[in-house]
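Report on the structure given below.
The values are calculated or read from the model by the stated rules, or taken from the named source; none is laboratory data. As the structure is a prediction and not an experimental result, all values here were calculated from the model. When we count neighbours, we look across all protein chains shown, and the Cβ atoms used for this are built from the backbone with ideal geometry, even at glycine. Just the protein is used for accessible areas: all its heavy atoms, side chains included, with ligands, DNA and RNA removed. Shrake-Rupley method; radii C 1.70, N 1.55, O 1.52, S 1.80 Å.
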Amino acid sequence: MGNYNQTSADFILLGLLPPSKVGMFLLILIVLIFLMALFGNLSMILLIYLDTQLHTPMYFLLSQLSFIDLNYISTIVPKMSSNFLFGNKSISFIGCGVQSFFFLTLAVAEALLLTSMAYDRYVAICFPLHYPIRISRRVCVSMIMGSWIMGSINSCAHTTYALHIPYCRSRAINHFFCDVPAMLTLACMDTWVYEYTVFVSTTLFLVLPFIIIACSYGRVLLAVFHMNSAEGRKKAYSTCSTHLTVVTFYYAPFVYTYLRPRSLRSPTEDKALAVFYTILTPMLNPVIYSLRNKEVMEALRRVTQRICFVKM
């Protein structure tokens, strides 16, 4: 493999799973999670589209979250699975850049979209009379477009840098996808400037949004506490706890991974943490938002009844 790495422009993804029966079992588990994520997110998008009572800003944002998660897990798992099954761990230089670009774009877009969803709940609960003005369809579209544009710009900058630095060591990336920090360990130049930009990007697109989300839900919980309606408090608490569960699963491993200096990072730990935000979160989001959301379950019942009535 050493000679291959020196003579080929391709990268080698060392992968996540050991080449054994245990690895095959874990791969089957990951593929099942992948299929559940595809089914769950597609179902959520379709349900929100079909049920008119879910045609609100909150569920419009939720459908976009499902769309991002659908693409997110599809960027990582198919390539990782084929590499394990066929034993060909190589990925072309351009292919690595494309995977890195989409991963970073979707990661930042999801982080900013979760912030938009927190703002939506903040306005809905703390300023219900102003909600139709502050969270109009136009505002929703602007927040979604802003998430995608900021994610693309950030991703383009990081990916362009990674593709233009010289690699003079082994081409073996100790990861299961083209993660730029893992790629930079193979560079034959000092990358401290880039590591600083990673810190800045993580602060801007992960830490700052997380602080905004925490402050928003802090205000929401305070407002809920002063509600007179017990039913209103129960519904608000349910919605907030759902969102906070999703945010915790997504942000915590991401921030812990990218804010640590290189000296404190280990490939094994980075890969284990990456499983949370690349594989588990896209599968858990539709499950959390459906099972813990009474409106979604009622919409599912209405759509199911409608489909059954049409067949009859």
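Among the listed residues 167, 194, 237, 161, which satisfies the condition of being within 30 Å of residue 295 (Cα to Cα) and of a type in the set (Ser, Thr, Tyr)?
Of 167, 194, 237, 161, the one residue that is within 30 Å of residue 295 (Cα to Cα) and of a type in the set (Ser, Thr, Tyr) is 237.
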Qualifying positions in the stretch 221-254 - surrounded by fewer than 17 Cβ atoms within 10 Å (Cβ to Cβ) and among the β-branched types (Val, Ile, Thr): 245, 248
Hey, any hits in the stretch 62-75 for a residue that's more than 16 Å from the chain's Cα centre (by Cα) and open to solvent by 30 Å² or more (accessible area, probe 1.4 Å)? no
Can you work out which of the residues in the stretch 267-310 that are polar (S, T, N, Q) and within 30 Å of residue 15 (Cα to Cα) is surrounded by the fewest Cβ atoms within 10 Å (Cβ to Cβ)? 268
So in the stretch 105-133, with the set limited to residues that are in a helix (DSSP H, G or I) and farther than 21 Å from residue 208 by Cβ, which one is farthest from the chain's Cα centre (by Cα)? 129
Restricting to the stretch 187-244, name every residue that is of a type in the set (Asp, Glu) and farther than 15 Å from residue 161 by Cα. 231
For residues that are out of contact with any helix residue (DSSP H, G or I) (no Cβ under 7 Å at 6 or more places or on another chain) and without any contact (Cβ under 8 Å) to a residue 60 or more places away in the chain, scanning just the stretch 71-86, find the one that is farthest from residue 170 (Cα to Cα). 74
Condition first: aromatic (Phe, Trp, Tyr) and surrounded by fewer than 17 Cβ atoms within 10 Å (Cβ to Cβ). Now tell me which residues in the stretch 255-266 satisfy that. 256
